[in-house]
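Notes to accompany the following structure.
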Amino acid sequence: MDELGTGGLRRIARSPRLADQDRATALEELAKACATPGWDSYDGTPVSRATLQDAREFCDALPEEWPAPEISADPDGAISLEWARGPHWVFTLSVAGGGQISYAGLFGASRVHGVEPFSGTIPEAIRAGLELLFRSTAPSDE
């Protein structure tokens, strides 16, 4: 894990597959580091307990065979999860609490995006995007 500090919050948890305890610890540390207004040295909104809980539940629902995401905080107080296989093969989602997840994916020349309700299981549109990312062969030149 990267050191915590106002400049190092974008990549707090990155590994081929984080153990459940490591992922939970990374989420907790991220929430603590982003718990006060202005945590990003600007006007960053604190990560709420509801956001942390939804992010935890989403990560717990991820299948074991899927790679772990890169976890980061956004200035609006959301927690972002990102998977990247190359510059044009990326899937990212934003958990802001309140039972909704925003997502966007880039798969070569194809793009998807949307907002899905979240109630403890991975929404089908998000599952489909992640499955496409993981099963596709990402060309090196895309």
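Coordinate-derived values only; no laboratory data. Source: prediction; values computed, not measured. Cβ atoms come from the backbone with ideal geometry, glycine included; neighbour counts cover every protein chain shown.
Sort Glu65, Glu29 so that the residue with the fewest other Cβ atoms within 10 Å of its own Cβ comes first and the one with the most comes last.
Ascending Cβ contact count within 10 Å gives the list Glu65, Glu29.
For the stretch 20-135, how big is the tail of P(r) above 17 Å, as a whole percent of Cα pairs?
Within the stretch 20-135, distances greater than 17 Å cover 53 percent of Cα pairs.
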